[in-house]
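Report on the structure given below.
Every number here is computed from the coordinates shown, using simple stated rules; none is lab data. Because the structure is predicted, anything quoted here is derived from the model rather than measured. Cβ: placed from backbone, ideal geometry, glycine included. Neighbour counts: every protein chain shown.
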Amino acid sequence: MANSTPNTHFRLGLIINPLAGLGGRAALKGSDGVADDALAMGVEPQAHNRVRQTLEHLLPLRDRLQLFSAPGAMGADLLADMGFDAQVVGKLANPPHTSADDTETIARQMHQQGVDLLLFAGGDGTARNICNQLDSTQLVLGIPAGVKIHSGVYAVNPRAAGELVALLVQGELVRLREADVRDIDEQAFRNGQVRTRHYGELAVPEEGRFVQQVKQGGREVETLVLDDIAAGLQEEQDDNTGWILGPGSTTLGLLEAMGLEGTLLGVDVLKNGELTLRDATEQQLWEQVEQGGDWSILVTAIGGQGHILGRGNQQLSPRIIRAVGLDNLLVVATKTKLRSLAGRPFLVDTGDSQLDTDLSGLRRVLSGYREEMLYPVSWKAE
C-alpha cells in the first residue's frame, strides 16, 4: 500500500469532479458532455456540498491528516474554506475549467505522492478516469456525486464515506475488497437503452468494523482460520512464484495446514508447493531471489510489541525486501491477533530508516480465506 510520512499522519488525497451530477437535475440522464447545457439551464453544481458532508466527519481528526488536493474547484478551494491545510498536487490544463484529463493526471500524481487513500467525488465517468491510471495497489474510495452510480467503488452516501475514512485515520480495522468499475453508455441511455461495461477493478475499504463482525461470528478458532488462509494461498500459487515465509507460530501453522513441516523460528522458502529451503540464511535467500522470477514475503507479528520486521527475522534484510518489492510483502494475522494490538500499528525496524519509512502506512493483512483487512504499519511505537 501507500507510504506514510515519518510523523505517521494519514496521507489522504482528494479529487473532486465539480461538474458531477449536473445532468441529473437537468434530466439529461448523465453529465458527460452536457455539463455546459445543464449550467445554461441554471442548474447549481452540488458536488462540493456532497464532499463537504464527507469532510465534516474528518474535522476532529485534522491533526492526524496530511492532505493532498487537486487544485481549485477540484478540491483545494473547498478544503481551504473548511479550514483544512492541504498540499496542492498538479495543475489544471485550462484553468479554471476542469477536465477528465486533469482527473487522470492528478490521480497518477497523487499515487506517486504515496497517499494512503485517494478520496474522489464524481460518478461512473470519474471512476473510469481513476481506473485508467491506478491499479489495486492504490486504495481508493468514491463519494457519490454523479447521476449514475453503477461502480462498486463508491460509498453508499457521503456521510458513510466520511465515517469510513475516519475509521481508517483512527487505525480501526476495516476490510479490503476489489470493486468493479463500470460505466453506462449515456447516449444509449438517453435513447432508452441500458448498456453497462466493465472497465476494471480498484481496491476499496469496505464498510463495517471488525468488532461488529466478531459480535456476529463469535470467537475465532485460530487453527481453522489458518486452514482457510492456507487454502487461499494454495489456490493462488503458481509455478513462477516463490514464497519466503518468516518465523512465527502463525506462518508455521500455515505450512502445517498445507501438510508441510516448516521451522518455528526460521525463515522457509516455498515454491511449487514444496519447501525448497528450511531455516534459510540471508545469503541463501539472496541467492534464491537473484535467480529471478516472482517472489512474495509472508510475515507475521513477532514479540509483544507487534514487530513484523526486525525481530527474529533479520534474514529478511533490506536488500531482499527491496528486491522482492514492497507491494509483495504480505502480513498474515488472525483477527484475534489484530484485535489484541488494540489499534497499535505493526512495527518495522529493518535497520534501514528509509525502508522503514517506505514500509509505513496502511498495509494489507491476510486474515481469512481470500479475506484482507487494512492495518497501519509504522517505524515508531505510538
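Tally Lys and Arg at +1 and Asp and Glu at -1 over the other residues with C-beta under 13 Å from the C-beta of Q66: what net charge comes out? Net local charge, Q66 excluded: 0. The stretch between K91 and V156 holds 20.4 nm of extra length on full extension. This uses 0.36 nm per residue minus the Cα-Cα distance. Each part gets one Cα centre, and for the range 108-157 versus the range 299-357 those centres are 28 Å apart. Near L355: Cβ cut-off under 12 Å, other residues only, Lys/Arg at +1 and Asp/Glu at -1. The net charge is -2. The shape of the range 53-153 comes out rounded: with a ≥ b ≥ c from the C-alpha gyration tensor, a/c is under 1.5.
The length gained by stretching the chain between A323 and Q53 to full extension, at 0.36 nm per residue less their Cα-Cα distance, is 92.9 nm. The stretch between E371 and R339 holds 9.9 nm of extra length on full extension. This uses 0.36 nm per residue minus the Cα-Cα distance. Using a simple spin-label model with pseudo-atoms 7 Å out from Cα toward Cβ, L265 and Q112 lie 4.8 nm apart. Is the range 219-378 best put as rounded, prolate or oblate by its Cα gyration tensor, with a ≥ b ≥ c the root eigenvalues, rounded for a/c under 1.5, and otherwise prolate when a/b is larger than b/c, oblate when not? Here the range 219-378 falls in the oblate category.
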